[in-house]
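Structure first, then comments.
The values are calculated or read from the model by the stated rules, or taken from the named source; none is laboratory data. In this text the structure is predicted, and so the values were computed from the model without any measurement. Here the Cβ positions follow ideal geometry from the backbone for every residue, glycine too, while neighbour counts run over all protein chains shown. Surface areas here come from the heavy atoms of the whole protein model, side chains and all, with no ligands, DNA or RNA. Shrake-Rupley method; radii C 1.70, N 1.55, O 1.52, S 1.80 Å.
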Amino acid sequence: MKRKIPLIITFVVGVVLIFAEFIPHKPFGLISGELEKWYLIIAGFAIILGQLNLFKVNLFKIRYKQKNWQYFILTLVSFSIMVLCGIFWGTQNNPGVFGNGVAIVTAMGDKPFDYLFLNVYQHLSATMFSLLAFFIASAAYRAFIARTTESNLLLAAAILVMLGNTSMGSILTGWLPESLKFLHLPRISEFIMKYPNTAGQRAIMIGAGLGIIGSSLRIILGIERSYLGGK
Amino acid sequence: MTHFFSVLGIWLGALFTFAIFSFLYKDNPFYKIAEQIFVGLSAGYWFVYTIFFILMPNLFNPLLQDFAVNWIKLIPAVLGILMLLRLIPSIDWVSRFPIALVIGTTSGIFFLRYLKSDVINQLTATIMNPFQGADWVTVVGQILLIIGTLTGVIYFYFSKKHEGAFGVTAKIGIYFLMVSFGAAFGYTAMARISLLIGRLQFLLGDWLGIINP
């Protein structure tokens, strides 16, 4: 029962959704529409499960005093503060348990949840990703150092696209006569993006698409069962 | 009071920016503190977002506003609660039922969506007359587009050993993929650098007031 019923649910739901696409009559359209709404609700609970699991894992790390356990207290505190601010005073357009918190908004300029988002989360997020600008440079050096045709193509495409999208590209090739305009760096960059890049992306999309179709069929037919766990 | 919180917000932003950038020297307590706060706030943000923007409009509001019509939403609500039971190891198997529904729905939707958008539509766009172009650059580009797509797809065919004529075709496919990765790399590098410029503008403009942001 622990494994068979989930397999039956997966099969029935998957088959109904595929059939509904080809049978535009009741009840298939209604069932597939309702199933998609259910999916959204359960996926919402899955996100909450993820957050609660993060809380649980960090709590265990603190309880058993694992390496650097002191820092995980901050994770729990910042998580709790963000959640409580959101639940008590709501978000920009949504009232919380205490309503819209007019007094606190007058004092802070924003709701506490939005204040934390704008003044802490957004800065942390932008800085964390901007940090990658430094690491991407060292990664590029390591990637391009391999003197093969493939790595040279990668390097040439990256440099041409970057130069073509900056004012430097226009300055470097701006002097070219009208008959050689196709060698203008912004045009070369546009050409790479429009044709060879699209070709590569299309090949990846078709390959990945076929892979996803195959995996979906394996799951619906019950051949792929790893999502049920080992027990 | 508003001014105080406004200034405090800028200082918090600046301090956390420096804490993250300190990682460029080496891993240190300031970075670790900022990193864990980022993880916690991020998780908290998505928790609140899920409640206000997914569960309230799709579940709680319909149930509270018109229960007689929307009672059927109790089924996904119960399945959602069963999903949360995964946190209790002794009865975590119960969560397989909602997972099965999510996996089944995802498989059904993805099967059709990817068949249409990633396979049929992409093939339709590729099968064209390459010589229909305004100038020779477009014609060359379209020929490259067709060759690149076909050879790229051949590269992803692993059921046959890549040797002989098949291997050469697959090799040409790799070249197109490399150009594609290079272009993607160029764009990613530019996006990161523009974020870095944004951070410097914040520090020198909003925080120190040296430049006009």
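Figures for the structure shown
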{"quantity": "Cα-derived Rg to Rh of the stretch A:1-64, Kirkwood definition", "calculated": "1.23"}
{"quantity": "With 10 Å bins from 0: P(r) over chain B, alpha-carbon pairs, percent", "calculated": "6, 14, 19, 17, 27, 15, 2, 0"}
{"quantity": "Accessible surface, per residue, of the protein assembly as shown when the full set of protein chains is kept, probe 1.4 Å, Å²", "calculated": "54 Å²"}
{"quantity": "Loss of accessible area when A meets B, both sides summed, Å² nearest 100, probe 1.4 Å", "calculated": "10900 Å²"}
{"quantity": "Expected 222 nm ellipticity per residue - DSSP helices of 4 or more, -39500 (n - 2.57), all of chain A, to 500", "calculated": "-24000 deg cm²/dmol"}
{"quantity": "Violating pairs (Cα-Cα greater than 20 angstrom) within the set A:Lys65/B:Lys32; A:Lys61/B:Lys32; B:Lys73/B:Lys116; A:Lys111/B:Lys73", "calculated": "B:Lys73/B:Lys116; A:Lys111/B:Lys73"}
{"quantity": "Sequence-distant residues sharing a close amide H with A:Gly96 (under 5 Å, placed H)", "calculated": "A:Gly90"}
{"quantity": "Cα gyration tensor, the stretch A:5-125 - rounded (a/c under 1.5), prolate or oblate", "calculated": "oblate"}
{"quantity": "For the stretch A:147-226, average projected area of the Cα convex hull in nm²", "calculated": "8.4 nm²"}
{"quantity": "Carbon + sulfur, % of accessible area of the protein assembly as shown - ligands and nucleic acids excluded, 1.4 Å", "calculated": "70 percent"}
{"quantity": "Whole-Å semi-axes of the ellipsoid equivalent to the protein assembly as shown (Cα gyration tensor, √5λ, descending)", "calculated": "42, 36, 22"}
{"quantity": "Relative compactness, the stretch A:67-116, computed as alpha-carbon Rg over 2.2 N^0.38 Å", "calculated": "1.34"}
{"quantity": "Residue-count net charge about A:Ser170 - beta-carbon cut-off 14 Å; Lys, Arg +1, Asp, Glu -1", "calculated": "+1"}
{"quantity": "Reachable lysines, given that their alpha-carbon falls under 19 Å from the alpha-carbon of B:Lys160 and they are not under 8 places away in the same chain", "calculated": "B:Lys171"}
{"quantity": "Neighbour-limited loop hits for chymotrypsin sites (Phe, Trp or Tyr not before Pro), the stretch A:1-90 (at most 10 other Cβ within 10 Å; DSSP other than H, G, I, E, B)", "calculated": "A:Tyr64"}
{"quantity": "The stretch A:84-95 - phi-based ³J(HN,Hα) in whole Hz, Karplus 6.51/-1.76/1.60, Gly and Pro as x", "calculated": "5, 4, x, 6, 6, 10, x, 10, 2, 10, 10, x"}
{"quantity": "DSSP-assigned coil residues among trypsin sites (Lys or Arg not before Pro) in the stretch B:46-129, each with at most 15 further Cβ atoms within 10 Å", "calculated": "none"}
{"quantity": "Computed magnitude of the charge dipole of the stretch B:128-213 (debye, nearest 20; Cβ of K, R +1, Cβ of D, E -1)", "calculated": "280 debye"}
{"quantity": "Column: log10 I(q)/I(0), Debye, Cα scatterers of the stretch B:128-213, q = 0.10 Å⁻¹", "calculated": "-0.50"}
{"quantity": "Taking all pairs of distinct alpha-carbon atoms in the stretch B:111-174, Kirkwood radius in angstrom", "calculated": "13.1 Å"}
{"quantity": "13 Å Cα-Cα reach of A:Lys26 towards aspartates and glutamates, excluding residues that sit fewer than 8 places from it in its own chain", "calculated": "A:Glu34"}
{"quantity": "Qualifying trypsin sites (Lys or Arg not before Pro) for the stretch A:15-111 [loop in DSSP, other Cβ within 10 Å: at most 10]", "calculated": "A:Lys65, A:Lys67"}
{"quantity": "Estimated distance in nm for a label pair at B:Leu204 and A:Ser179, the labels positioned 7 Å out from Cα along Cα-to-Cβ", "calculated": "4.4 nm"}
{"quantity": "Partner chain coverage, peptide A:48-61 - average Cβ within 10 angstrom", "calculated": "4"}
{"quantity": "Estimated distance in nm for a label pair at B:Leu64 and A:Lys2, the labels positioned 7 Å out from Cα along Cα-to-Cβ", "calculated": "3.8 nm"}
{"quantity": "Surface/4 of the Cα convex hull for chain A, nm²", "calculated": "24.2 nm²"}
{"quantity": "Over the stretch B:1-104 - Rg/Rh using Cα atoms and the Kirkwood inverse-distance radius", "calculated": "1.19"}
{"quantity": "Solvent-accessible area lost in complex, 30 Å² minimum, residues of the stretch B:78-100 relative to chain alone, 1.4 Å", "calculated": "B:Gly80, B:Met83, B:Leu84, B:Leu87, B:Trp93, B:Arg96, B:Phe97, B:Ala100"}
{"quantity": "For residues of B:160-172, the mean tally of beta carbons on other chains within 10 Å", "calculated": "0"}
